[in-house]
Amino acid sequence: MVDRFVFDRYSGSEAPTYVPDSGVPDVSLTDIFPRKLLRETLPLPDPGERETVRHFSALAANNFSVDGNFYPLGSCTMKHNPRLHEQAAALEGLRDLHPYQPEDSVQGALGLLYELERCLCAITGMDYFSLIPSSGAHGEFTGMMMIRKYHEQRGVKKTHVLVPDSAHGTNPASAAMCGYATVVVPSNSGGCVDARAFSRALNEQTAAVMLTNPNTLGIFEEEISELKRMAHEKGALLYYDGANFNALAGIGAPRAMGFDVMHLNLHKTFSTPHGCGGPGAGVVGVTERLRAYLPVPRIERRDGRYSWSQGSPETIGTIRSFYGNFLVCVRAYAYVLRLGGAGLRRMSEHAVLNANYVQRMLKEVLDVPYDRACMHEAVFSCASLAGRGVRAYDVAKRLIDYGIHPPTMYFPLIVKEALMVEPTETESKETLDRFIEAVRAICREAREEPDRLLRAPLSRPGGRVDEARAARALEVKWNPAAGR
Ligand SMILES: *Cc1c(COP(=O)(O)O)cnc(C)c1O
């Protein structure tokens, strides 16, 4: 149908003979889409190149990006990604490789992947990494598949996975995709996993425990050693969600906390620009006991020569085409080599310092539901503004008028009217102060002039968009006059 449409438009109504007859009746596009949505009916102008470039440059300037704006989106690590790593990824010898090239012609690239795996093992304490998964969620899925195979091979029946109520949504999703039920463990008043509830939820049928540490409240799980002991005692494995690793890199190792499987998001912590869906790399690390289940192919080094191997017979198999997102790995390798161990540690220290600075400075205007030192992100509650009809959503939208990207909202789910701020290590004190001033001004406005706030953003071309409608109806009507 679609092919036919293309040929009709570009090659006349005769379909080229090399397209076999599908045997399916032709359907006109106008029968599928409402006529008014088809491009042909748009009265498009026909400007010259100069006008076109200016038009699109002006549109692009309306985008929020890390390059243009402070972007404190919690749990996303929207930090500055040094341009040097982009240059590394743009090197012809790396960029122009083809996955079908003979191994002898890509020894450098294989060596890079091999070395990156060794670096990630050194950073996390794990024994092996697979660089193949393309996202954090994909890494979790891969890790859970390995856990499932591990239990199956040992002939023990496991039915469920424990997940704290503060967990990222991908955790229960990954467990469910691997056929496990999820059991939610509540957090205690300190924002950590409630050890007593944890112990009650745990039994011989627990396949794994998925933990994020520091958790999504930005708090370090102090009882991790005890949780680990309890889980291992029941034959459950510990999965570590290391998507945001900029609180711990160079400081603490998930292996030392007792984790058996983990993932890192190279596209968050290790310097690949992200957002809008990729490409990314949710690399998965395991300890020796899960080695046999690693996805394939694996890189081997023998007599100084690298090659792809089909791994062990117990592998979970292939999880995507080829070898993962190679250029994301190139950036991560450049990043790790450039910073070194001491630099990684400094990176994490700055991330933690910045988050704590913001948390302390905003404490008097917003509630801090778990009032203690945080790690790389700070979670606030806007519940105290509710009396004036103002919600976290309104505060977030108003920040756009200050040239600041909204923080993550309504996550973690256990905090009412949550705003989750992750300043990242690459922001200066001046930027943080500007953010703090903006939030304070907005909180003043919430008390004195809440109505304005409820219409924010007031300075952008689109005004406040009806997001529910935008997600459900194909056609979004802009109202340029809104809020101006
Ligand atoms: C981002 C994130 C994920 C998922 O990573 P994707 O690459 O978006 O799939 C999982 N867990 C946490 C804590 C995250 O912040």
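Taking the stated definitions as given, is Ser135 within 11 Å of the ligand (Cβ to nearest atom), surrounded by 17 or more Cβ atoms within 10 Å (Cβ to Cβ) and small (Gly, Ala, Ser)?
Against the criterion (within 11 Å of the ligand (Cβ to nearest atom), surrounded by 17 or more Cβ atoms within 10 Å (Cβ to Cβ) and small (Gly, Ala, Ser)), Ser135 qualifies.
For segment 46-62, name all the residues that are out of contact with any His (no Cβ under 9 Å at 6 or more places or on another chain), part of a loop (DSSP other than H, G, I, E, B) and not acidic (Asp, Glu).
Taking segment 46-62 as the starting set, the residues that turn out to be out of contact with any His (no Cβ under 9 Å at 6 or more places or on another chain) are 46, 48-62.
Retained after the next criterion (residues that are part of a loop (DSSP other than H, G, I, E, B)): 46, 48, 62.
Those that are out of contact with any His (no Cβ under 9 Å at 6 or more places or on another chain), part of a loop (DSSP other than H, G, I, E, B) and not acidic (Asp, Glu): Gly48, Asn62.
Please indicate, with yes or no, whether at least one residue in segment 296-304 is free of Cβ contacts under 8 Å to residues at least 12 places away in the same chain and either within 29 Å of Ala231 (Cα to Cα) or not in a loop (DSSP other than H, G, I, E, B) (or both). Reasoning before the result, please.
The first filter runs over segment 296-304 and keeps only residues free of Cβ contacts under 8 Å to residues at least 12 places away in the same chain, leaving 300, 302-304.
With either within 29 Å of Ala231 (Cα to Cα) or not in a loop (DSSP other than H, G, I, E, B) (or both) added as a condition, the list becomes 300, 302.
So far as segment 296-304 goes, yes, one or more of its residues are free of Cβ contacts under 8 Å to residues at least 12 places away in the same chain and either within 29 Å of Ala231 (Cα to Cα) or not in a loop (DSSP other than H, G, I, E, B) (or both).
May I ask you to list pairs of residues, at least six apart or on different chains, whose Cβ atoms are under 6 Å apart, with the first in segment 142-154 being of a type in the set (Lys, Arg) and the second being outside any helix (DSSP H, G or I)?
Arg148/Cys178; Lys149/Ile316
Can you confirm whether Val106 is out of contact with any strand residue (DSSP E or B) (no Cβ under 6 Å at 6 or more places or on another chain) and surrounded by fewer than 22 Cβ atoms within 10 Å (Cβ to Cβ)?
Details: out of contact with any strand residue (DSSP E or B) (no Cβ under 6 Å at 6 or more places or on another chain): yes; surrounded by fewer than 22 Cβ atoms within 10 Å (Cβ to Cβ): yes.
For Val106, the condition - out of contact with any strand residue (DSSP E or B) (no Cβ under 6 Å at 6 or more places or on another chain) and surrounded by fewer than 22 Cβ atoms within 10 Å (Cβ to Cβ) - is met.
Any residue in segment 33-45 that is assigned to a helix (DSSP H, G or I), open to solvent by 70 Å² or more (accessible area, probe 1.4 Å) and either within 16 Å of the ligand (Cβ to nearest atom) or modelled with pLDDT of 85 or more (or both)?
No.
If you take the residues in segment 465-484 that are modelled with pLDDT of 80 or more and among the hydrophobic types (A, V, I, L, M, F, W, C), which one is surrounded by the most Cβ atoms within 10 Å (Cβ to Cβ)?
Looking at the filtered set, the residue picked out is Val465.
Of the conditions (1) of a type outside the set (Val, Ile, Thr); (2) more than 29 Å from Gly343 (Cα to Cα); (3) within 16 Å of the ligand (Cβ to nearest atom), Gly218 clears all except one; give me its number.
With (1) of a type outside the set (Val, Ile, Thr); (2) more than 29 Å from Gly343 (Cα to Cα); (3) within 16 Å of the ligand (Cβ to nearest atom) applied to Gly218, the lone miss is (2).
Scan segment 382-392 for residues that are within 24 Å of Ala167 (Cβ to Cβ) and open to solvent by 10 Å² or more (accessible area, probe 1.4 Å) and jot them down. Spell out the reasoning first.
Taking segment 382-392 first, the residues within 24 Å of Ala167 (Cβ to Cβ) are 382-383, 391-392.
The answer is Ala383, Arg391.
Go over the candidates Val365, Val395 one by one and state the one that is open to solvent by less than 10 Å² (accessible area, probe 1.4 Å), more than 22 Å from Cys192 (Cβ to Cβ) and in contact with a Cys (Cβ under 8 Å, 6 or more places away or on another chain).
So the residue among Val365, Val395 that is open to solvent by less than 10 Å² (accessible area, probe 1.4 Å), more than 22 Å from Cys192 (Cβ to Cβ) and in contact with a Cys (Cβ under 8 Å, 6 or more places away or on another chain) is Val395.
Six or more apart or on different chains, Cβ atoms under 9 Å: show the pairs whose first residue is in segment 84-95 and open to solvent by 90 Å² or more (accessible area, probe 1.4 Å) and whose second is assigned to a helix (DSSP H, G or I).
Note: pairs meeting the criteria are Gln87/Ala334; Leu91/Val330; Arg95/Ala89; Arg95/Leu327; Arg95/Val330.
Considering Leu116, Leu94, which residue is more than 16 Å from the ligand (Cβ to nearest atom) and under 22 Å from Tyr293 (Cβ atoms)? Full working, then the answer.
Details: Leu94 fails: under 22 Å from Tyr293 (Cβ atoms).
Unique residue meeting the criteria: Leu116.
For segment 244-285, give me each residue that is within 11 Å of the ligand (Cβ to nearest atom), open to solvent by 10 Å² or more (accessible area, probe 1.4 Å) and within 25 Å of Leu353 (Cβ to Cβ).
Asn244, His267, Lys268, His274, Gly275
So which strands (runs of 3 or more DSSP E) are wholly in segment 113-227 and hold at least 1 residues that are of a type in the set (Ser, Thr, Tyr)? Please lay out each step first, then the result.
Values: elements: 128-130, 160-164, 181-185, 206-211.
Result: 128-130, 181-185, 206-211.
Of everything in segment 428-464, what is in contact (Cβ under 8 Å) with a residue 40 or more places away in the chain, farther than 14 Å from Val395 by Cβ and open to solvent by 90 Å² or more (accessible area, probe 1.4 Å)? Give them in sequence order.
Matches in segment 428-464: Lys429, Arg434.
Evaluate the following for His85: is it assigned to a loop (DSSP other than H, G, I, E, B) and closer than 21 Å to Leu264 by Cβ? Full working, then the answer.
Values: assigned to a loop (DSSP other than H, G, I, E, B): no; closer than 21 Å to Leu264 by Cβ: yes.
In short, no.
Among the numbered conditions (1) in contact with a helix residue (DSSP H, G or I) (Cβ under 6 Å, 6 or more places away or on another chain); (2) at negative phi; (3) more than 16 Å from the ligand (Cβ to nearest atom), tell me where Arg229 comes up short.
(1)
Tell me, please, whether a residue that is within 16 Å of the ligand (Cβ to nearest atom) and assigned to a strand (DSSP E or B) can be found in segment 286-294. Explain how you work it out, then say what you get.
Pass one, segment 286-294, residues within 16 Å of the ligand (Cβ to nearest atom): none.
Within segment 286-294 (the criterion being within 16 Å of the ligand (Cβ to nearest atom) and assigned to a strand (DSSP E or B)), the answer is no, since none of the residues qualifies.
Can you go through Ser75, Ser65 and tell me which one is assigned to a loop (DSSP other than H, G, I, E, B), at pLDDT below 90 and open to solvent by less than 60 Å² (accessible area, probe 1.4 Å)?
On the way: Ser75 fails: at pLDDT below 90.
Only one candidate qualifies: Ser65.
Return the only residue of Val53, Val66 being among the β-branched types (Val, Ile, Thr), away from the ligand (no atom under 16 Å from the Cβ) and outside the structural domain of Ile400 (by TED's automatic domain parsing). I'd like the intermediate steps shown before the answer.
Numbers: Val66 fails: away from the ligand (no atom under 16 Å from the Cβ).
On inspection, the qualifying residue turns out to be Val53.
So Phe198 ticks every box in (1) farther than 30 Å from Tyr114 by Cβ; (2) open to solvent by 20 Å² or more (accessible area, probe 1.4 Å); (3) more than 16 Å from the ligand (Cβ to nearest atom) but one. Which box is left unticked?
Evaluating Phe198 over (1) farther than 30 Å from Tyr114 by Cβ; (2) open to solvent by 20 Å² or more (accessible area, probe 1.4 Å); (3) more than 16 Å from the ligand (Cβ to nearest atom) leaves (2) as the failure.
Take segment 261-277 and flag every residue that is out of contact with any His (no Cβ under 9 Å at 6 or more places or on another chain) and either among the aliphatic types (A, V, I, L, M) or in a helix (DSSP H, G or I) (or both).
Val261, Met262, Leu264, Leu266, Thr269
Can you name the residue in segment 399-427 that is without any contact (Cβ under 8 Å) to a residue 60 or more places away in the chain and open to solvent by 50 Å² or more (accessible area, probe 1.4 Å) and, of all such residues, is farthest from Tyr335 (Cα to Cα)?
Among residues in segment 399-427 that are without any contact (Cβ under 8 Å) to a residue 60 or more places away in the chain and open to solvent by 50 Å² or more (accessible area, probe 1.4 Å), the one farthest from Tyr335 (Cα to Cα) is Lys416.
The values are calculated or read from the model by the stated rules, or taken from the named source; none is laboratory data. These numbers were taken from a predicted model, which means no experiment stands behind them. In this analysis, Cβ positions are derived from the backbone assuming ideal geometry, glycine residues included, and neighbour counts consider all displayed protein chains. All accessible areas refer to the heavy atoms of the entire protein, side chains included, with ligands and DNA or RNA removed. Shrake-Rupley method; radii C 1.70, N 1.55, O 1.52, S 1.80 Å.
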